[in-house]
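Undergrad: Can you read through this structure? Questions will come right after.
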Amino acid sequence: MPLYNEQETVAEIVERVLALPLDLELIIIDNASTDNTGQIIAKYSNRDNVKIIKRENNIGKGDAVVAGLELATGKYTVIQDGDLEYDPNDIVKMVNAAEEKKALAIFGSRILNQGSEISYYRYLWGGKLLTLVANILYFNGISDESTCYKMVRTDLMKSLKLECKRFEFCPELVAKLGRNGIKIFEIPIAYYPRKFEEGKKIRWIDGVEAIWCLLKYRFKPVPKFSAK
């Protein structure tokens, strides 16, 4: 769970994750928050299944994810943002689907759920463009490239040697899974988007960076995963 200035929502989302009927570990990365996020999450530091990383400099979400991944020991790894846009109960559904399908990678798709809300139409169509580019370049056959809920078997995710620093975590992961010929399964998930005034951080320039990332890894050598 990478966090940056999420004092309004972090307590609720942490409680909801920890209440899931799963044997899970929660790795929280405080990405140099300047509000009260650090103080709020400190009360969870004595939990056996919670690990907290305090970053002195905020490089970006991708950098925080990579730092957290180093400590991950569970069978699967999934990213949970610190806001309330995603419902943690969908993580249980993803785990169940991954076990049932023996999937190495399973994404939660907002597109497959017709009841999902829309934040801004420019982001909806931007996401569709990213998905189209990903499917053309990597034959992923997915419906939601930019979803936060990307669950990947931990040994696979670690083997990909992620290099992301900011929001390019999503396209890099999609690209490297595609280059390895990993089938991505999808299930529909709920989505409750927030507005900019509520703390939404991603911007249009991140979409441009995502397209560049998808193009770059189509030709750049990537680590190869050998399934066990």
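Values in this text are rule-based calculations from the coordinates and carry no lab data. This is a predicted model, so every value here is computed, not measured. Cβ coordinates were reconstructed from backbone atoms using ideal geometry, including for glycine residues, and neighbour counts include every protein chain displayed.
Undergrad: Would you mind computing the Rg to Rh ratio of region 14-54 from its alpha-carbon coordinates, Kirkwood style for Rh? Before the final figure, lay out each step's value.
TA: Numbers: Rg = 10.5 Å, Rh = 10.9 Å.
Value, to two decimals: 0.97.
Undergrad: May I ask what percent, to the nearest 5, of DSSP beta bridges between residues of region 2-219 are antiparallel?
TA: 30 percent
Undergrad: Shifting gears a bit: Using Cα-Cα distances under 8 Å and only pairs 6 or more residues apart, what relative contact order does region 29-132 have, in percent?
TA: That works out to 18 percent.
Undergrad: Is region 6-91 best put as rounded, prolate or oblate by its Cα gyration tensor, with a ≥ b ≥ c the root eigenvalues, rounded for a/c under 1.5, and otherwise prolate when a/b is larger than b/c, oblate when not?
TA: Cα axes put region 6-91 in the rounded bin.
Undergrad: From the backbone phi of region 4-18, what are the Karplus-calculated ³J(HN,Hα) couplings (6.51 cos²θ - 1.76 cosθ + 1.60, θ = phi - 60°) in whole Hz, Gly and Pro given as x?
TA: 8, 6, 10, 4, 6, 10, 5, 4, 5, 5, 5, 4, 5, 5, 5
Undergrad: Okay, moving on. GluC sites (Glu not before Pro), restricted to region 16-99: which are DSSP loop and have at most 10 other Cβ atoms within 10 Å?
TA: Glu56, Glu70
Undergrad: Pairs to check: Lys54/Lys161; Lys54/Lys93; Lys51/Lys220; Lys61/Lys102; Lys93/Lys128. Give those whose C-alpha atoms are more than 27 Å from each other in this structure.
TA: Listed pairs above 27 Å: Lys54/Lys93; Lys51/Lys220; Lys61/Lys102.
Undergrad: Okay, next question. Over the chain, what is the relative contact order in whole percent, taking alpha-carbon pairs under 8 Å and six or more residues apart?
TA: It rounds to 23 percent for the chain.
Undergrad: Hey, another quick one. Estimate the FRET efficiency between Lys102 and Asp23 by the formula 1/(1 + (r/R0)^6), using the beta-carbon distance for r and 25 Å for R0, to the nearest 0.05.
TA: With a Förster radius of 25 Å, E is 0.85.
Undergrad: A follow-up question, please. Rank the residues Thr131, Thr37, Thr154 as a footprinting-exposure proxy: fewest other Cβ atoms within 10 Å of their Cβ go first.
TA: Thr154, Thr131, Thr37
Undergrad: For region 64-114, which trypsin sites (Lys or Arg not before Pro) are both in a DSSP coil and crowded by at most 10 other Cβ atoms within 10 Å?
TA: Within region 64-114, the qualifying trypsin sites (Lys or Arg not before Pro) (loop, at most 10 other Cβ atoms within 10 Å) are Lys102.
Undergrad: At 10 °C and 1.306 mPa s, grab the translational diffusion coefficient of region 136-191 from Stokes-Einstein with a Kirkwood Rh over Cα pairs, rounded to a whole number in µm² per second. It would help to have the intermediate numbers written out before the result.
TA: Details: Rh = 12.0 Å.
Rounded to a whole number, D works out at 132 µm²/s.
Undergrad: Between region 42-66 and region 164-180, how far is it from one alpha carbon centroid to the other, in angstrom?
TA: 21 Å
Undergrad: Still on this structure, please answer the following. Kindly write out, for region 130-145 in residue order, the coupling ³J(HN,Hα) from the Karplus curve 6.51 cos²θ - 1.76 cosθ + 1.60 (θ = phi - 60°), rounded to whole Hz, with x marking Gly and Pro.
TA: 4, 5, 4, 4, 4, 5, 5, 7, 10, 6, 6, x, 9, 10, 8, 5
Undergrad: Please return the longest range in the chain lying between exposed loop sites, taking chymotrypsin sites (Phe, Trp or Tyr not before Pro), DSSP loop only, at most 16 other beta-carbon atoms within 10 Å, and leaving the sites out.
TA: 1-119
Undergrad: So which aspartates and glutamates pass the test for Lys165, namely a Cα distance under 16 Å, with those fewer than 8 places away in the same chain ruled out?
TA: Here the aspartates and glutamates satisfying the reach criterion relative to Lys165 are Asp30, Glu56, Asp63, Glu70, Asp81, Asp206, Glu209.
Undergrad: Can you tell me how region 2-219 classifies by the Cα gyration tensor, rounded, prolate or oblate, using a/c under 1.5 as the rounded cut?
TA: Verdict is rounded for region 2-219.
Undergrad: Let me have the 222 nm mean residue ellipticity of the chain computed from DSSP H runs of 4+ only, each contributing -39500 (n - 2.57), with the sum over all residues rounded to the nearest 500.
TA: Only helices count here, giving -11500 deg cm²/dmol.
Undergrad: By count of other Cβ within 10 Å, fewest leading, how are Leu156, Leu3 ordered?
TA: With the fewest neighbours first, Leu156, Leu3 line up as Leu156, Leu3.
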